[in-house]
1. Tell me which of these residue 131 doesn't satisfy, since it passes every other one: (1) outside any strand (DSSP E or B); (2) more than 16 Å from residue 358 (Cα to Cα).
2. Any residue in the stretch 256-275 that is at pLDDT 95 or above, farther than 17 Å from residue 319 by Cβ, assigned to a loop (DSSP other than H, G, I, E, B) and over 17 Å from the mean Cα position of the chain (by Cα)?
3. Specify the residue that is farthest from residue 19 (Cα to Cα); the eligible residues are those in the stretch 36-58 that are in contact with a strand residue (DSSP E or B) (Cβ under 7 Å, 6 or more places away or on another chain) and part of a loop (DSSP other than H, G, I, E, B).
4. Could you list, in sequence order, the residues of the stretch 279-300 that are in a loop (DSSP other than H, G, I, E, B) and over 20 Å from residue 142 (Cα atoms)?
5. Restricting to the stretch 274-301, give me the number of residues that are in contact with a strand residue (DSSP E or B) (Cβ under 7 Å, 6 or more places away or on another chain) and touching a residue at least 60 places away in the same chain (Cβ under 8 Å).
6. Which condition number in (1) buried (at least 18 other Cβ atoms within 10 Å of the Cβ); (2) in the same structural domain as residue 131 (by TED's automatic domain parsing); (3) in contact with a helix residue (DSSP H, G or I) (Cβ under 7 Å, 6 or more places away or on another chain); (4) in a loop (DSSP other than H, G, I, E, B) is the one that residue 9 fails?
7. Quick check: is even one residue across the stretch 288-299 modelled with pLDDT of 95 or more and surrounded by fewer than 17 Cβ atoms within 10 Å (Cβ to Cβ)?
8. Being touching a helix residue (DSSP H, G or I) at 6+ places or on another chain (Cβ under 6 Å) and surrounded by 21 or more Cβ atoms within 10 Å (Cβ to Cβ) is the filter here, so list the residues in the stretch 34-44 that pass it.
């Protein structure tokens, strides 16, 4: 299945040597997930092609050279890396770190999940530094991260999704909550608008559970999304590309608890992944079409994972969300989907770097000079 027939994103070949800055950690609650993802990424990169500089971002936002990781890469190799990369090391100034110097091109691979990494803030810094980087741009990252705005854009694009309500903290009085419950019913989900990995998400089955769910979501954002509970299958598909995005095979998540929450994803590992998902005729093709449509509507670029619900005998496919920097842990769906499509994990990373260079070359404009 890979590579695709189209050539819209194949203007630039992957160089023989690349300077790769891998950013991980960060200030969000998904800090530990990022450190685990980064370990898997670095272990899979080809040392004959990449000069890797691992940079950890502390919970306080400090940039540090990940000394322990750098020493291992310079000695025993990636196979000796710990399960979760250590952050500690000398502090770094981002400006010289991101300066393009030498013959090998510089690419930044931000393995950062959640706010201050996946929401357009880091992407803005990298745009200012004028360096190629993996992932969606400022607008696409911000839109996909903000579940409230993403839902509004998806509605405008005519893509089917679950019923929802959006409300800021200052509107959440008893009257507003009663109106939300009256429209959506139970069960319903309460989510912070800006967060990933199901952090702060609660499934509410009766009025008594609503106050605690609202408080849990407000710990992470002042804007909340309320969604109707969907009794359907949870399906996911990978997307690659910018000009001509294409999709992987489709996988299914069978949660080990009431829903696919943080513990199910990263702690207990009780969820079951079925790759490829067994679907009725035409559903896979329709989901791929909708995934690309959602990716384009939300200004996705380079990579993403589109999540859907499928109501058997009901409304069919319902778009859930687009993750612009999907997890890369050993149990993450995104690399497994592409492996099933014929793209190994190391080859997938090569493709992400090449797509970053392709976009940067495509968008580069000559600078004006003179008085």
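The values are calculated or read from the model by the stated rules, or taken from the named source; none is laboratory data. Just so we're clear, the structure is a prediction, and the values are computed from it rather than from any experiment. Glycine gets a Cβ as well: all are built from the backbone with ideal geometry, and neighbour counts include every protein chain shown.
1. The single condition residue 131 does not satisfy is (2).
2. Within the stretch 256-275, one or more residues are at pLDDT 95 or above, farther than 17 Å from residue 319 by Cβ, assigned to a loop (DSSP other than H, G, I, E, B) and over 17 Å from the mean Cα position of the chain (by Cα).
3. That would be 58.
4. Of all residues in the stretch 279-300, those in a loop (DSSP other than H, G, I, E, B) come to 279-282, 298-300.
Matches in the stretch 279-300: 279, 280, 281, 282.
5. Result for the stretch 274-301: 6.
6. (2)
7. Step one: list which residues in the stretch 288-299 are modelled with pLDDT of 95 or more, which gives 288-299.
So of that shortlist, the ones also surrounded by fewer than 17 Cβ atoms within 10 Å (Cβ to Cβ) come out as 289, 296.
Yes; the residues of the stretch 288-299 include at least one that is modelled with pLDDT of 95 or more and surrounded by fewer than 17 Cβ atoms within 10 Å (Cβ to Cβ).
8. Residues of the stretch 34-44 that are touching a helix residue (DSSP H, G or I) at 6+ places or on another chain (Cβ under 6 Å), as a first pass: 42-44.
Of everything in the stretch 34-44, just one residue is touching a helix residue (DSSP H, G or I) at 6+ places or on another chain (Cβ under 6 Å) and surrounded by 21 or more Cβ atoms within 10 Å (Cβ to Cβ), namely 42.
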